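Inspection log for the structure reproduced underneath, given as structure tokens.
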Amino acid sequence: MKLKFLIILLMLISMPNSFAEPKVKAPTAILIDFNSSKILFERDADHQIYPASMTKIMTAIVVFDLLKQDKIKLTDDVIVSEKAWRMSKSGFSSMFIMLNDKVTIEELLRGIIVVSGNDACVALAEGIAGSESAFADMMNEKAEEIGLVNTNFTNASGINDPDNYSTVRDIAYMSQYLIQNYPNYYEYFKEKEFTWERTGGDPITQGNRNPLLYKRMGADGIKTGYLAVEKYSLASSIVGEDRRLIAVGSGFLTKQARSDESARMFRWALRNTNTYEIAKKNVPKFKFNTWLGKENTIDGLVKEDIYVTIKKKELKDLKVYLEYDGPIKAPIKKDQKIGNLLLELPEDEIKKFPIYASKQVKKVNFFKSLFLSFNYMIWGDA
């Protein structure tokens, strides 16, 4: 018989609050919870945009991936080409590298991430792939791997090109992917300034363009953007109240609006929603009774982190169930599916996650099995 056991029923009563949408004027924007991937707010999130310097998020991902695979090192040198050098002479945001300079990959990364140097993007792309177009191919391959369906890259910096496009939804998932997979390298994004000890001149110190880093709200990345055709844009992330949030907006009319409206989205989310950890990947949490096993119980685990994000006022309606055919008959193999975890969320479908045995449970010997079976027939007690 299939049994369904209610194991958690959160009955906390929250104070009434307003869930009106945040006051955001940007024509396209999205706000997601990092752990649960829950979309908390969106406006025309699949509208095609020119990502401008938010393109550099994918540039960083490609480089981080190569570093993670030990195909390149932070200390490797790149020779600055004339194309890269001329980027600093064309009025673009720049690190101000010089022709034929030897610059390390780490210096170029900081020049890209902290000061948004387009010259650093070209130098790094050429140093890794031989040409910027070949590097753009690597960016597109990674975008496809991540599952970004409305994104295409033609360059590493985000300078204006009608074929270099994305959406705020894709950029949010791109940001989530970077933070999740390269946490150590993500630390570069919260640096507030970078000093380049340039050749043939005084050192140049430039500040990070992300305005939220200078507010007391837990911001630690990720990337600004600007193009005349797109206006101001920002992909940003904060950590607060034991959770991480990611917001992306594009088409902000001014720098101030970019800062204020992004901060407003975060404050709205923290005020109106919460994220709860239900289970951690590969951590035994759920206990099941066994039948004819050398152990009377077995712990179950899930194969992925499970979080839920809900409105604070709906906390009382969150239900979490265990579903399984029980007791579970031995022998039980490690990683054998033994049940399901069911989440019943307000205004959402019931979500089901498989639960697996955390270890092996052997069957008792024949005589013990016979005794237990006889005992069950007489007393009905497994």
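The values are calculated or read from the model by the stated rules, or taken from the named source; none is laboratory data. Predicted model, so just to flag it, every value in this text is computed and none were measured. As a convention, Cβ positions derive from the backbone with ideal geometry for all residues, glycine included, and neighbour counts pool all protein chains shown.
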If I go through the stretch 110-158 residue by residue, how many of them are among the acidic types (Asp, Glu) and surrounded by 18 or more Cβ atoms within 10 Å (Cβ to Cβ)? 3
Looking only at the stretch 160-172, filter to residues that are surrounded by 20 or more Cβ atoms within 10 Å (Cβ to Cβ) and in contact (Cβ under 8 Å) with a residue 60 or more places away in the chain; which one of those is nearest to the chain's Cα centre (by Cα)? Ala172
Suppose we filter the stretch 35-62 for residues that are out of contact with any helix residue (DSSP H, G or I) (no Cβ under 6 Å at 6 or more places or on another chain) and more than 21 Å from Asn140 (Cβ to Cβ); how many remain? 9
Given the residues Leu301, Leu292, which is the only one that is crowded, with 18+ Cβ neighbours inside 10 Å and closer than 16 Å to Lys363 by Cβ? Leu292
Taking Leu253, is it surrounded by 14 or more Cβ atoms within 10 Å (Cβ to Cβ) and not charged (D, E, K, R)? no
Restricted to the stretch 173-197, and to residues that are surrounded by fewer than 16 Cβ atoms within 10 Å (Cβ to Cβ) and closer than 28 Å to Ser131 by Cβ, which residue is farthest from the chain's Cα centre (by Cα)? Glu197
For the stretch 200-235, which residues satisfy the criterion of being out of contact with any helix residue (DSSP H, G or I) (no Cβ under 7 Å at 6 or more places or on another chain), surrounded by 14 or more Cβ atoms within 10 Å (Cβ to Cβ) and outside any strand (DSSP E or B)? Asn208, Arg209, Asn210, Gly218
Conditions: (1) out of contact with any Phe, Trp or Tyr (no Cβ under 6 Å at 6 or more places or on another chain); (2) not in a strand (DSSP E or B). Ser36 meets all but one. Number of the miss? (1)
How do the pairs read when you match residues in the stretch 254-268 that are under 15 Å from Ile222 (Cβ atoms) and outside the structural domain of Asn210 (by TED's automatic domain parsing) with residues anywhere that are among the hydrophobic types (A, V, I, L, M, F, W, C) and assigned to a helix (DSSP H, G or I), using Cβ under 9 Å and keeping only pairs 6 or more apart or on different chains? none
Considering each residue of the stretch 46-78, count those that are surrounded by 21 or more Cβ atoms within 10 Å (Cβ to Cβ) and either within 17 Å of the chain's Cα centre (by Cα) or of a type in the set (S, T, N, Q) (or both), and give that number. 10
Return the residues of the stretch 64-75 that are touching a residue at least 40 places away in the same chain (Cβ under 8 Å) and acidic (Asp, Glu); say none if nothing qualifies. Asp65
